[in-house]
Amino acid sequence: MRLEDLMSGVQPEDDEPPEPGLPDPMGDEQWAARLAGGSEQEEPGDEAGPGDETDPGDWIGADELAVLTARAREVTAAEARAAVLLGPEVAGLAAAARRGPGLSGPLDEGEYSGPLGALARGGVLDTARPCGGMALLLEEAVSGGYGNASDDEVMGAVCGWHRVIAWATGQMYAGTAEFIGRRPADGGDGAGWSEFTATEIAHSLAESRGAVEIMLGTAQDLAVRLPGTMTALLDGDISDGKARLLVRGTSVLDPAGAREAEERVLGRAGRLTPGGLRAAVTRAVIEIDPEAAARRREYAASKRRVEVRPEESGNSCVAAREVSAEIAAAIDAELSARARELKLHGIGTGTDDRRVLAFLEKFGLAGDLPGAGRGTGNSGGTGNSGGTGTGGGTGTGGGGGGTGGGTGGVAVPAKLTLTATAGTLLGLRDRAGELASHGPVDPELTRRLAAAALRHRAAKVSVIVTDEQGRMTGYGAARPPTRAERERIRRHRRDKPGNPDSTGPPGNGRQVLTLTPVPEAGQVKSGTGYGTWLIEPGHGGQDLIVTIKAVSTDPCDHRLETAAHDPGAELREVTNLRYVTCTGPACRRPASQCDWEHNIPHDKDGRTCLCNGKPACRSDHRMKQAKGWTVEQHPDGRIEWTAPTGRTAITEPHRYPTD
Ligand SMILES: [Zn+2]
Ligand SMILES: [Zn+2]
């Protein structure tokens with residue numbers, strides 16, 4: 001955007017506004033002085049005249065700048081609002097105004113009137129799309145120091161600079177892409193760059209060649225494969241880190257696939273934490289080209305290794321790289337299990353320390369620890385599940401452990417939590433599953449893990465139904481059928497062979513289970529997913545039965561409410577499945593490791609119910625109770641956090657994949 005655009009919502013009061021079209025360009029000396037950080041205000045460029053070669057349209061005129069900077073100091077809340085009302089194409093405001101957590105909310109009129117008012121939430125500089133002009137205005141706005149600026153205004157400056165950095169980084173990548181064009185690869189097919197390009201740039205930047213290679217790759221991908229990501233970076237919607245995450249994550253896809261993946265995640269990329277974005281990209285890649293994702297996984301596995309690296313502290317890091325997700329989850333679970341035993345013996349200073357002790361114990365490096373040599377036990381199965389046809393049914397899994405069968409024939413005791421869609425388990429679709437503590441896994445691995453889990457007698461299976469957006473609308477916990485139920489199912493099958501609701505027998509090798517509606521007071525409406533279902537694992541597991549009931553808080557039927565302070569097991573389970581992680585905006589801690597927290601405290605008449613409960617980790621729980629914070633739980637499940645600055649950030653119920 002142009003500087004004039006940014007400020008066009010504010011009429012200059014000066015008697016002599018700068019002549020449009022003929023602003024004086026800033027001289028080199030003035031720029032140098034400005035860049036050197038001189039704090040004194042330059043006199044508008046007297047010596048640079050209209051005869052200067054520079055195209056006036058490409059430069060910020062000194063007169064213009066003087067007016068603008070003066071205005072930046074004077075923008076009041078009301079003026080900022082007026083500028084906002086002029087619309088995005090005039091001021092470049094709207095799109096950038098709602099970025100990630102902590103970004104601007106509505107401006108409270110009259111609340112801000114100081115010189116830094118343009119930085120208050122909703123103010124011109126808080127919402128402006130980044131550009132060089134914005135950087136100048138930000139610099140001018142804060143040049144007198146923050147003085148008695150409000151916390152909100154200071155936060156507005158931080159957010160503004162954050163967007164300017166993203167924009168500047170995008171500009172740097174654009175220049176780098178141009179340079180690549182001038183150093184084409186010797187093959188001449190247009191891809192890549194010639195042999196010494198990275199070194200040449202490394203000399204100029206005093207960077208390592210490796211770092212420059214990454215920069216070149218990112219620049220080329222942003223220019224060629226991911227133009228939407230480049231735009232988002234230039235608009236300040238995403239940071240450099242997130243852009244690189246998109247580049248790396250989509251590298252396995254062909255150009256069309258990369259664009260599709262970009263399209264699927266970009267809308268949310270600004271709001272997601274890096275971890276959330278990584279999972280979203282991985283999921284998109286798996287779903288766009290499952291084979292490519294599996295190939296990458298297998299290729300990388302062929303390069304597995306143990307790395308020993310120095311830590312910056314002077315200690316060392318030992319890491320097994322590119323081992324399978326099952327193996328990693330198994331090791332993770334076993335270390336945690338052993339850590340819990342060590343805690344009972346009063347050994348170690350915390351969970352992390354005990355997990356390291358458990359790790360060292362495997363190599364005989366932990367000394368004599370009590371209870372050594374005992375198996376850590378195999379706690380059970382995997383969740384997974386059913387869901388249903390229409391409306392995007394989704395299965396999800398709740399805990400339990402299970403033999404993960406492991407790769408290479410190693411049976412590993414593990415506690416895995418797996419989420420899979422019904423269509424994937426029925427062999428009808430290829431949707432990514434999700435392994436807790438790991439992230440999205442490809443459909444083939446999802447089915448393998450689900451089959452292994454269902455063979456385990458202690459597997460715990462939860463089934464949820466979702467709406468089209470993937471938000472939970474129904475839930476049921478699976479259990480073995482009673483004898484009477486078995487009999488009823490048997491009779492029903494005899495009476496009605498070829499039930500149209502049945503999914504048919506496993507047979508194509510992709511099918512992990514069958515789902516059959518159980519006749520029970522006519523509850524199962526074809527295609528709705530609610531009612532009672534029989535789950536038959538196709539690979540030697542035991543049959544399960546599940547009754548799915550609607551779950552909603554809008555309005556809430558308070559079905560799971562209890563008068564007590566602590567939630568019952570089912571309420572806790574449903575809450576965790578609804579949110580999956582801590583509801584703190586910058587947090588991804590698994591719900592199972594969080595407090596079940598009353599949004600309105602129990603002693604202030606807050607219900608112990610789904611409509612007033614959410615997972616919050618200790619830190620976020622304490623933050624909510626800290627001075628200046630307010631947290632609202634909306635009927636649709638969204639949680640709105642308002643910081644002491646008045647800025648808000650919203651988290652929403654988990655979105656499961658849908659078939
Ligand atoms: Zn309720
Ligand atoms: Zn948290």
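Structure values in brief
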quantity: Candidate set: region 228-246, residues that are over 20 Å from residue 276 (Cα atoms) and in contact (Cβ under 8 Å) with a residue 24 or more places away in the chain; chosen: the one surrounded by the most Cβ atoms within 10 Å (Cβ to Cβ); calculated: 234
quantity: Evaluation of residue 174 against (1) at pLDDT below 95; (2) open to solvent by 10 Å² or more (accessible area, probe 1.4 Å); (3) over 24 Å from the mean Cα position of the chain (by Cα) (one fails), failing number; calculated: (1)
quantity: Residues (of a type in the set (A, V, I, L, M, F, W, C), farther than 18 Å from residue 417 by Cα and in contact (Cβ under 8 Å) with a residue 24 or more places away in the chain) located in region 319-346; calculated: 342
quantity: Checklist (1) in a loop (DSSP other than H, G, I, E, B); (2) of a type outside the set (Asp, Glu); (3) open to solvent by 30 Å² or more (accessible area, probe 1.4 Å); (4) away from ligand 2 (no atom under 11 Å from the Cβ) applied to residue 653, failing item; calculated: (3)
quantity: Residue check for residue 658: under 20 Å from the mean Cα position of the chain (by Cα), polar (S, T, N, Q) and either assigned to a loop (DSSP other than H, G, I, E, B) or surrounded by 15 or more Cβ atoms within 10 Å (Cβ to Cβ) (or both); calculated: yes
quantity: In region 265-279, the residues that are of a type in the set (Lys, Arg) and free of Cβ contacts under 8 Å to residues at least 24 places away in the same chain; calculated: 268
quantity: Region 623-638 - residue that is of a type outside the set (Phe, Trp, Tyr), more than 16 Å from ligand 1 (Cβ to nearest atom) and not in a helix (DSSP H, G or I) and, of those, nearest to residue 551 (Cα to Cα); calculated: 631
quantity: Pairs where the first residue, in region 137-151, is without any contact (Cβ under 8 Å) to a residue 60 or more places away in the chain and the second is open to solvent by 40 Å² or more (accessible area, probe 1.4 Å), C-beta under 6 Å, 6+ apart; calculated: 146/154
quantity: Answer residue from region 472-485, given it is touching a residue at least 12 places away in the same chain (Cβ under 8 Å) and either touching a helix residue (DSSP H, G or I) at 6+ places or on another chain (Cβ under 8 Å) or part of a helix (DSSP H, G or I) (or both) and is most open to solvent (accessible area, probe 1.4 Å) among those; calculated: 477
quantity: Residue ID - most open to solvent (accessible area, probe 1.4 Å), chosen from residues in region 537-556 that are within 11 Å of ligand 1 (Cβ to nearest atom) and not polar (S, T, N, Q); calculated: 555
quantity: The one condition in (1) modelled with pLDDT under 80; (2) under 19 Å from residue 426 (Cβ atoms); (3) surrounded by 15 or more Cβ atoms within 10 Å (Cβ to Cβ) that residue 511 fails to fulfil; calculated: (1)
quantity: Matching option when the condition is among the polar types (S, T, N, Q) and exposed (fewer than 13 other Cβ atoms within 10 Å of the Cβ), among 282, 273, 349; calculated: 349
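Conditions (1) open to solvent by 20 Å² or more (accessible area, probe 1.4 Å); (2) within 16 Å of ligand 2 (Cβ to nearest atom), marked per residue:
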| site | (1), (2) |
| --- | --- |
| 558 | yes, no |
| 561 | yes, no |
| 566 | yes, no |
| 580 | yes, yes |
| 590 | yes, yes |
| 596 | yes, yes |
| 601 | yes, no |
| 613 | no, yes |
| 618 | yes, yes |
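Per-residue answers, yes or no, for (1) in contact (Cβ under 8 Å) with a residue 12 or more places away in the chain; (2) within 15 Å of ligand 1 (Cβ to nearest atom); (3) hydrophobic (A, V, I, L, M, F, W, C); (4) over 23 Å from residue 550 (Cβ atoms):
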{"residue": "591", "(1), (2), (3), (4)": "yes, no, yes, no"}
{"residue": "601", "(1), (2), (3), (4)": "no, no, no, yes"}
{"residue": "604", "(1), (2), (3), (4)": "no, no, no, yes"}
{"residue": "615", "(1), (2), (3), (4)": "yes, no, no, no"}
{"residue": "621", "(1), (2), (3), (4)": "yes, no, no, yes"}
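The values are calculated or read from the model by the stated rules, or taken from the named source; none is laboratory data. Remember, it's a predicted structure, so these values are computed and weren't measured experimentally. Quick reminder, even Gly has a Cβ in these numbers, built from the backbone with ideal geometry, and neighbours come from all protein chains shown. Each accessible area value is taken on the protein alone, full model and side chains, heavy atoms only, with ligands, DNA and RNA left out. Shrake-Rupley method; radii C 1.70, N 1.55, O 1.52, S 1.80 Å.
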